[in-house]
1. Can you say whether Glu206 is touching a residue at least 12 places away in the same chain (Cβ under 8 Å) and among the acidic types (Asp, Glu), as far as the supplied structure shows?
2. Can you say whether Leu200 is surrounded by fewer than 22 Cβ atoms within 10 Å (Cβ to Cβ), outside any strand (DSSP E or B) and either out of contact with any Asp or Glu (no Cβ under 6 Å at 6 or more places or on another chain) or at pLDDT below 95 (or both), as far as the supplied structure shows?
3. What are the residue pairs meeting all of these: first residue in the range 77-92, first residue on the phi < 0 side of the Ramachandran plot, second residue acidic (Asp, Glu), Cβ atoms under 6 Å, and 6 or more apart or on different chains?
4. Name the pairs whose Cβ atoms lie under 6 Å apart, with the first residue in the range 126-151 and basic (Lys, Arg), the second in a helix (DSSP H, G or I), and 6 or more positions between them or separate chains?
5. For a quick check of your reading of the model, give me the residue pairs whose first member lies in the range 10-33 and is in contact (Cβ under 8 Å) with a residue 40 or more places away in the chain, whose second is part of a helix (DSSP H, G or I) and among the small types (Gly, Ala, Ser), with beta-carbon atoms closer than 7 Å and at least 6 apart or on different chains.
6. So which residues in the range 53-72 are assigned to a loop (DSSP other than H, G, I, E, B) and either more than 9 Å from the ligand (Cβ to nearest atom) or surrounded by fewer than 19 Cβ atoms within 10 Å (Cβ to Cβ) (or both)?
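The values are calculated or read from the model by the stated rules, or taken from the named source; none is laboratory data. These numbers were taken from a predicted model, which means no experiment stands behind them. As a convention, Cβ positions derive from the backbone with ideal geometry for all residues, glycine included, and neighbour counts pool all protein chains shown.
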Amino acid sequence: MTVDRRGIGMTSKRTRERLIQRLMDQGIKDYSVLDSIRETPRHLFVDEALAHRAYEDTALPIGFNQTISQPYIVARMTELAIAHGKPEKVLEIGSGSGYQTAVIAPLVGQVYALERIRGLLEKSRARIRELRLRNVQLRHGDGLVGWAKEAPFDVIIAAAAPERIPGELLEQLAPGGRLILPVGGVKQSLVVIDSTEEGLKETVVEPVTFVPMLPGTLR
Ligand code: SAH
């Protein structure tokens, strides 16, 4: 893969700034999140044919029937992930193109990312390496069962929606940790579960649309 760090032509900087402005207009406030989005070359995470649309605030196809997440939702979930300070260990489920991975990696200690489709995993691994994000471990695996060997995690963040919250993920949450995920079928909500001294506390953030979290892995 060839990586063009200069972006697409002369408009790239202006186009990226327009995206940042849009995210701010939609209520994203954390400057470290906005900076990370600004610095992350989203055009490298989509096919060349779609690169000219990479800084639009929309999901785009990445093959295998999956999509790269919309920048707004990546920003919102990253903001929720670092709201209580810098998490040391983060589990990401459904890393897909690796875009969310690249946005969150500079803001946390270590990212452990799981993707069930091998083809996507391999492409994202090349991108993460090219961008020299050394605190990321990507693995071909099923997020419904989490990553027990590396648990507990300060933050677990998922880009695919299970019908209900998987018990394994709650078990792999550190005391004081936070699980951020879309939940539901046709109608989904972005949900935050905080593990507190008084037990699990659930907050519904907003309605969202994600692909389903499916069991098992694909070659
Ligand atoms: N944040 C990613 C989103 C990709 S779409 C990006 O911006 O590119 C969601 C991803 O979740 C898909 O790649 C899908 O294959 C993956 N996925 C779905 N169920 C999963 C599971 N049980 N374990 C791991 N990954 C899963």
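1. Values: touching a residue at least 12 places away in the same chain (Cβ under 8 Å): yes; among the acidic types (Asp, Glu): yes.
For Glu206, the condition - touching a residue at least 12 places away in the same chain (Cβ under 8 Å) and among the acidic types (Asp, Glu) - is met.
2. So Leu200 fails the test.
3. Glu79/Asp30; Pro87/Asp154; Glu88/Asp154; Lys89/Asp154
4. From the range 126-151, the pairs are Arg127/Leu44.
5. Filtered contacts from the range 10-33: Leu23/Ala75; Ile28/Ala75; Val33/Ala75.
6. Pass one, the range 53-72, residues assigned to a loop (DSSP other than H, G, I, E, B): 54-59, 64-65, 69-70.
Hits for the range 53-72 are Ala54, Tyr55, Glu56, Asp57, Thr58, Ala59, Phe64, Asn65, Gln70.
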